[in-house]
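Report on the following structure.
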Amino acid sequence: MNAATLRTTCPYCGVGCGILVSREGEGWNVRGDPEHPANLGRLCSKGAALGETLGLEDRLLHPEIGGRQVNWDTALDTVARRFSQVIEEDGPDAVAFYVSGQLLTEDYYVANKLMKGFIGSANIDTNSRLCMASAVAGHKRAFGADAVPGCYEDIELADLVVLVGSNAAWTHPVLFQRLSAAKRARAQMRVVVIDPRRTATAELADLHLPLAPGTDAWLFNGLLDHLRREGGVDWGYLEAHVAGFGEALAAVEGLSLPAVAAACDLPEADVARFFRWFAATPRTVTLFSQGINQSSSGVDKVNSILNVHLATGRVGRPGASPFSLTGQPNAMGGREVGGLANQLAAHMDFTPEHIERVGRHWNAPRMAQGPGLKAVDLFRAVRAGRIKALWIMATNPAVSLPEADAVAEALAGCPFVVVSDVTRRTDTARHAHVLLPAAAWGEKDGTVTNSERRISRQRVFLPLPGEARPDWWIVAGVARRMGFGAGFDYRGPADIFREHARLSAFENGGTRLFDLGPLAGLDAAAYDRLEPVQWPPATAEDDGARLFADGRYPTPTGKAHMLPILPRPPARRVDMAHPFVLNTGRIRDQWHTMTRTGKTARLLAHIGEPYVEMHPHDLAVHGLSPGDLARLTNASGEALVRVLEGTGQRPGSVFVPMHWNAQYTARGRIGALIDAVTDPLSGQPEFKHAPVAVAAYAADWQGFVLSRQAPEGIDSPYWTRIRGHACWRLELAGNRGQWPTEENLTHWLGERQDRIELRDPAVGRYRAAHLRDGRLQAVVFLDRQPNALPPRRWLVSLFERERLSEAERAGLLLGRPAQTETDVGRIVCVCHGVGEQTLATAIARGADSVEALGLALKAGTCCGSCIPELRALLARERVPETTAA
Ligand code: SF4
C-alpha cells in the first residue's frame, strides 16, 4: 500500500467492507482492502462503483432557509431559536429528530445526547427502526443485551448455514461470497434458504423452503418440538444456562410435522429434511434479516430462531450461532449510542438507575425520563400536529416509511422542518424550511460498526465542498446556540469517540457487555490509526470475536431466556379486492432511496426501471405480459411499475423493490402501499406483507426518449428516468389526450428545424432525432403500438459516437442498424457490461461454468455480485447432454 492510499469503510450495507482509496488521474480508485477482516479484499458491485458517485451533481452545498442561501450562523441561529421556542411553548416532546444508520457513530452520539440529555425528550428515532428493531428486541429478551453472538468467520466454519428471510446474495453480497467460497471448499457444508421467493441466494441452497409468507415462527416452533422429540435438545446446557425453557417447549408440544408443513404450505418431506439436518449438525449458523424483522410479529419470529439455538446450546461457539444481519453501514453504531427512541446511550435503558447514571456522566440538565416515539408513531404525531419542530438527518422518510404519502403530507403540514443531508433534491428535502448541507462519504471522519460488532474507521480523502459540514459539527452548533455549550464543546470526532467510550465503561463493572473502556484513552493520532476492532475489545483471555461461549448472559440470573412463542399471522389479510401479498426489498445494485447509487450508470445497467415481479400463472390469470405496465393499489396508496415475470415468485405474492423515488419515477414509491402496522414490541413496520390489487395499466401510447441532457419537467402518468453512460433514458406511457405536447418535444429534442422527424398520425407514431454536427443529441420514439418500439440498446450505443456514419443515420428512425447486429441483451455483469444474450451464446458454445464464462467474457471476475445470476443462467441455458440411443 503506497503512502497516498487511504483506508476507509464502505458506506452501504451492514457487512462493513474495508476499502482502499487512491488517486487515479482526475478520479479515485476504489478497491477492497485485503487486510480488512470483513471482506478480505472483496467488494460488491455497489462498493466497487463508489468512485463514480463522488461528483457534486445535486449536492446541497450551502445552508438555505425557505429556498434562499444563508450563512451558517443564520441557519444555526434559526434552527436553535425555533426549537427553543417550541420547547418553551409546548414542552420538549413537541420536538423530534429522525436520524439514520448512515450517520457515523460520533454524529449519532451527539444528536442523541442533545435530545435525550439536554432537550429532555426521547423523541429521537432512526431509520434503523425499519430494518432491525425486531432483532434488537429479540436479543434483549433472550440474551439480556442487544448483542450478536457470532462473527463472520462462523459462517465459514459452519456445516449447516440456514438463511431465513435474507437474500444475502443481493443485500449482503460480500458475506454471501464468503459463504459461497466456503461451501465450494468444504464438501460437507449445507445451505438451507427459507424464503417465500426463490431468490439469487437460493441458487446456493441444498434445500430451499418457499414457505407461505409470514409463517416462519410456525416452522421454528415445529423445529423446536422436533428437537425435543428426537433427542436434539442439549438438556445440560438448558439446565445450566437457560431460563424459561419449560414454558417454551410446552408451547410447541404436539406440533406435528404435517401440521407445520400445512401451516407453512411446504412439502412434509422438505420440512422433515430441514429438521433432520438442523438436529444432526452441531455447527449450525442461522442468518436472519429483514424477512424476519419487518413483520408485525417480528420480535416473536426472532425469538423462535433464538429458541432453537438456545435449546441446542449453539450460541457463540465457532461455527454455531444465530446471526442477525444488519441492513445499514452503521445500524449497529446507532444501537450503541442509543439512536432508537426506546434506548439510552451505551446500551443503557430507561431505568431510573441508568437515567441517573447517563445524566451524571453527561452533566445533563434535563434527562428524558422515558422512551420517546418510534418512527411510525413519530410521524403520526407530526401529522396530528403534536410535533411542531422536526429535524431529519441523512434519511428520506417521504420515500422509505410506510404510508409514504401520509408521511409527505405530515411533513408538508409541520410548522418547522429541518433537513440536513448531502443531496439537495429528495422527496423529503422539498418539505424543509431549513436545509443544512452535510458532509458525504469521503468527506467525513468517524467510526461505524458492522453486523459482527466490528468498529471501523471512515476516513477523509475529499475536501468539504461548498459549505458542507459534518453532522456532529452541525448538531453541536445548534446545541451551543440553545445554551448547552459546555456539553458540546468538541474539537473533532476523536473527542466524541472518547466520550462515547468513557460512557460505555462508566460504572460498568462487567454489568454491560458494551464496554469500550480500553479505547477511551485514544489520542487523536491513535484514533486516526484505529484498526478494525470488535467489541468487547480483546483481552488476554478472550479475543472478543464471540459472545456467550461460556453460557453466561448479561441478565440478573446470568441465564438466557427461551420464550413461549405463539405464532401470529400478518396483520393484514388478502381479500377479494386485494388478492396479492406485496413483498418489498432491495435489489442487487441499488441502495436505499438511490440518492447515491442512482448517480452511477453502471449500477442502473442491471435493473433500471421499478418493477413488480409476478409468477407466470398470476400473469396469465390477470392478462399481463412481461414488459407491460401494472397498477398496484390498496387503501394506503398506489404504484405504477413495469411487469417482470419471476418463476421464483410464489403464486399470489408479488415483489417490488423499495428504492425508486420521485426523482427517478412518477409512481414507484412503494412505501406508499405499505400500511403502517408495526410489531407491538419493536415498532418495526410490516414491509413484507401488504395486500394489494394488481391490474394492467392500459396505456394508450408508450415511448422513450434518449438524451444527453437529463430530461426534466415530465408530466406523463408513467415515466422513469434512467442514467446511462453516454445518455439518459426516459421511458414514458400515457393515456389518450396525454400525448406529449410540442413544448415537451422541444424540451427533449431542441428546436424543430434541427430535427429528423417521422410523423404518422394514422397509426399514432412519432419518431425524431436531433443531431448537431453529425453527433447525436437526442431521440424520441412514441407509439400507440408498444410492440413497434425498437429495443433501446443500439440507439443508446450511438450516443458513444462522436459522429454518426451514413449507415447509422439511415437506421436512426428505424431504431435498428441497417445491417443486423446481435443484441447483447439485458446487462448481467455490470462491471464488464456483459449481457444476457452474450452469455447465452457463450453457454450454447460450451462455456459450462462460472469460471468458463469468466475466462471467455470476463463476466463475474470483478466484484462477483452477478455470480448467482450466472449460475441461474447456466442452469437455464445449458444444453442437456444427450444419451446415446
Ligand atoms: Fe459495501 Fe457491498 Fe461490502 Fe456491503 S457488501 S459493505 S455494499 S462493498
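A compact table of results
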| item | result |
| --- | --- |
| Mean-position separation - Cα centroids, the stretch 331-375 and the stretch 636-666, in angstrom | 38 |
| J(HN,Hα) series, the stretch 664-669, from Karplus relation 6.51 cos²θ - 1.76 cosθ + 1.60, nearest Hz, glycine and proline x | 10, 7, 6, 9, x, 6 |
| The stretch 260-329 shape via C-alpha gyration tensor axes, a/c threshold 1.5 | oblate |
| Distance between the stretch 290-321 and the stretch 487-528 - C-alpha centres, whole angstrom | 31 |
| Percent antiparallel among DSSP beta bridges (both partners in the chain, rounded to 5) | 60 |
| Under-5 Å amide H pairs with Gly646, H placed in peptide plane, nonlocal only | Met614, His615 |
| Rg(Cα) / (2.2 N^0.38 Å) computed for the stretch 454-530, rounded to two decimals | 1.28 |
| Shape call, the stretch 766-885: gyration tensor on alpha carbons, a/c limit 1.5 | prolate |
| Sites Ser256 and Thr511, calculated FRET efficiency, Cβ-Cβ separation with R0 45 Å, nearest 0.05 | 0.55 |
| Positive-end extreme of charge dipole, the stretch 38-176 - chosen from Ala133, Leu60, Tyr152 (charges on Cβ) | Ala133 |
| Percent breakdown of C-alpha pair distances by 20 Å bin, ordered from the shortest bin, for the chain | 14, 47, 33, 6, 0 |
| Candidates per trypsin sites (Lys or Arg not before Pro) in the stretch 681-754, loop by DSSP, up to 16 other Cβ within 10 Å | Arg708, Arg736 |
| Segments 536-544, 825-833 sorted - mean Cβ within 10 Å per residue, highest first | 825-833, 536-544 |
| Relative frequency of Cα-Cα separations exceeding 20 Å in the stretch 67-172, percent | 62 |
| Along each principal axis, Cα extent of the stretch 183-283, largest first, Å | 40, 33, 20 |
| Sorted largest first, extent of the stretch 393-508 alpha carbons per principal axis (Å) | 44, 38, 36 |
| Net charge dipole size for the stretch 505-615 [Lys, Arg +1 and Asp, Glu -1 on Cβ; Debye, nearest 20] | 640 |
| The stretch 595-675, accessible surface, carbon-and-sulfur percent (1.4 angstrom probe) | 48 |
| Residues whose placed amide H lies under 5 Å from that of Arg59, excluding near-sequence neighbours | Arg424 |
| Sulfur and carbon atoms: percent of accessible area, the stretch 348-502 [1.4 Å] | 48 |
| Charge dipole (debye, nearest 20) of the chain; +1 at Cβ of Lys and Arg, -1 at Cβ of Asp and Glu | 660 |
| Inter-part distance where the stretch 768-819 and the stretch 121-162 are each reduced to a Cα centre, Å | 52 |
| Residue-normalised accessible area of the chain, given per residue in Å² at a 1.4 Å probe | 36 |
| Percent breakdown of C-alpha pair distances by 5 Å bin, ordered from the shortest bin, for the stretch 578-707 | 2, 11, 20, 23, 20, 14, 7, 2, 1, 0 |
| Mean ellipticity per residue at 222 nm, deg cm²/dmol - from DSSP H runs of n ≥ 4 across the chain, formula -39500 (n - 2.57) | -8500 deg cm²/dmol |
| Amide H partners (placed H, <5 Å) of Val828, local residues excluded | Val834, Gly835, Glu836 |
| Pairs of lysine residues in the chain - Cα separation under 18 Å, sequence separation of 8 or more or cross-chain | 9 |
| Relative packing of 31-43, 660-672, 257-269, which averages over residues the other C-beta atoms within 10 Å, highest first | 660-672, 31-43, 257-269 |
| Note, ³J(HN,Hα) from phi for the stretch 530-539, Karplus 6.51, -1.76, 1.60, rounded to Hz, x at Gly and Pro | 3, 7, x, 9, 7, 9, x, x, 4, 10 |
| Spherically averaged projected area of the stretch 1-61 from its Cα convex hull (nm²) | 4.9 |
| Extreme residue, positive dipole direction of the chain, given options Ile292, Gly835, Asn112 (C-beta unit charges) | Gly835 |
| Tensor-based shape of the stretch 333-469 (alpha-carbon gyration tensor, a/c under 1.5 rounded, otherwise prolate or oblate) | oblate |
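The values are calculated or read from the model by the stated rules, or taken from the named source; none is laboratory data. Owing to the predicted nature of the structure, the values given are computational and were not obtained by experimental measurement. Virtual Cβ from ideal backbone geometry, glycine too; neighbours counted across all protein chains shown. Please note that ligands, DNA and RNA were not included when accessible areas were found on the heavy atoms of the full protein model with its side chains. Shrake-Rupley method; radii C 1.70, N 1.55, O 1.52, S 1.80 Å.
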